[in-house]
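For reference, the structure discussed in these notes is given below.
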Amino acid sequence: MSNKMWGGRFTSAPDAIMEEINTSIGFDQRLYAQDIAGSKAHAAMLAAQGIIAGEDAQKIQEGLDTILSEIEAGTFTFRRELEDIHMNVESRLAELIGASAGRLHTARSRNDQVATDFRLYMRDTIDALDAQLADLQKALAEKAIAHADTVMPGFTHLQTAQPVTFGHHLMAYVEMTARDRSRFKDARARLNECPLGSAALAGTSFPINREATAAALGFARPTANSLDAVSDRDFVMETLASASICAVHLSRFAEEVVIWTSPSFALVKLSDAFTTGSSIMPQKRNPDAAELVRAKAGRIIGALTGILVVMKGLPLAYAKDMQEDKEGAFDALSALSLVIAASAGMVRDLTPDAGRMKAAAGQGYSTATDLADWLVRALNIPFREAHHITGRIVGIAADKGIALDEVPLSEMKSVDPRITDDVYSVLSVECSVTSRTSYGGTAPERVRAQAERWLKLLNGE
């Protein structure tokens, strides 16, 4: 028999393979709350415009409330032969209220319905991710204040470059996360237009009020072009692009945790809560949470690539290809939520080894730039000349196998006789970080100020 939702055009049932490839209820059932909200707003508008009777609208509202309760209670039966969430809800509505259910689909299509549902879902998801990212920022800023004075090596090319503080390093991720939140906010603002009422592609001849349904669903406005409204998936691509960049940031942090916790570095420790052991090597403590955060970036980036490829060759307006817009997005955004939570957990859990960090910060002649800067300030030497002098002094230290602040003054004077013993005031790692007082620098006072500023913002002060 034909699918009764199609009407009279089809007289036989689809092939089993056709049903298998065509059905989406296995994944789009998660849009149930958004679908029901959109239907309730649509029914209320139809009644207000006199398109359907108030009595029918009331039955529809009550039936939809019943369906929502059934789904949330886990008693609703999703049927694969009904393809998707829209037809499952409408079919159950007909069982509950009879012929009145058939009036709900007046002046709309599954095309504008799914576009509306998906925008609502993305909006809700962005709001949830934003709250998680704010919590991650709070964890980072709180840890940064606690370790504003904890000296650690700053790296370029993964080689010791200059001393920084652990707090300063963590605050870099606060700034990255702020940009992530900003991108999601921008994506949310652009997607916050309501497609409902665009119907299949050309709008409708019924005297609907699209402004009313947009307002009822919390959208800023209705979409301005019906063709674009049903075929646009920019909001999916943009949200996944924002998610991908965010995942890259979290992956970079996770990679650092992997490096820092390795015995070769041993700069931080994670507790049992965020590590696992080995089935064969009893001594192992593996940073698996960090490794999985790093790995899941691939899934998220893959989802973005997938939707870009799906959309790249589609003519206007809707095509069934767009059914492939959801599964990857659902998976990617769920993965992102998980890795944000894991990252915040690791931030709160990790304990830096301050002694090890300080020792590592002094390796590799990391205060050489401080020496060059001192030559410029104290002796009024052009920086390029100071750079050359410093390089020769570093060479002496390397030849002797000693630290920069252990090079005798006489040896330094042999390179440039103008050097005085005041030079030793800048060669310790503590002096180095304390001196970096420029805005955005690693000086503890700057780190505390930035972290406190962020915590006030995050706490709504």
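The values are calculated or read from the model by the stated rules, or taken from the named source; none is laboratory data. Bear in mind the structure is a predicted one, so any value in this text is a computation, not a measurement. All Cβ positions, glycine included, derive from the backbone under ideal geometry; neighbour counts span all protein chains shown. Ligands, DNA and RNA are excluded from the accessible area calculation, which covers all protein heavy atoms including side chains. Shrake-Rupley method; radii C 1.70, N 1.55, O 1.52, S 1.80 Å.
Per residue, the accessible area of the stretch 115-249 comes to 37 Å² when a 1.4 Å probe rolls over the protein heavy atoms. A simple charge model with +1 on the Cβ of Lys and Arg, -1 on the Cβ of Asp and Glu and nothing else charged puts the dipole of the chain at about 520 debye relative to its Cα centre.
Here the accessible area of the stretch 342-460 is 52 percent carbon and sulfur, with a 1.4 angstrom probe and all protein chains present. Ignoring lysines fewer than eight residues from Lys312 along the same chain, the ones with Cα atoms less than 28 angstrom from its Cα are Lys185, Lys296, Lys320, Lys326. When a/c is below 1.5 the answer is rounded, else prolate if a/b is larger than b/c, else oblate, so apply that to the stretch 238-280 with a ≥ b ≥ c taken from the square roots of the Cα gyration tensor eigenvalues. Verdict is prolate for the stretch 238-280. The amide H of Val164, built 1.01 Å from its N in the peptide plane, has Met152, Gly154 as neighbours under 5 Å, considering only residues 5 or more places off or on other chains.
Looking at the chain, the DSSP beta bridges with both ends there are about 80 percent antiparallel.
Note: relative contact order over the chain, using C-alpha pairs below 8 Å and six or more positions apart, is 17 percent. Around the Cα centre of the stretch 331-461, unit charges on the Cβ atoms of Lys, Arg, Asp and Glu (plus for the first two, minus for the last two) sum to a dipole of about 220 debye. The dipole here belongs to the stretch 243-296: it is taken about the Cα centre, uses +1 on the Cβ of Lys and Arg and -1 on the Cβ of Asp and Glu, and is about 20 debye. Mean projection of the Cα convex hull over all viewing directions, computed for the stretch 10-166: 16.4 nm².
Along the stretch 91-100 the Karplus relation, 6.51 cos²θ - 1.76 cosθ + 1.60 evaluated at θ = phi - 60°, assigns HN-Hα couplings of 5, 5, 4, 5, 5, 7, 10, x, 4, 4 Hz to successive residues, with x for each Gly and Pro. When Cys431, Cys194 are compared by accessible surface with a 1.4 Å probe, the order from highest to lowest is Cys431, Cys194. Based on alpha-carbon atoms, the Kirkwood radius and the radius of gyration of the stretch 370-410 give Rg/Rh equal to 0.99.
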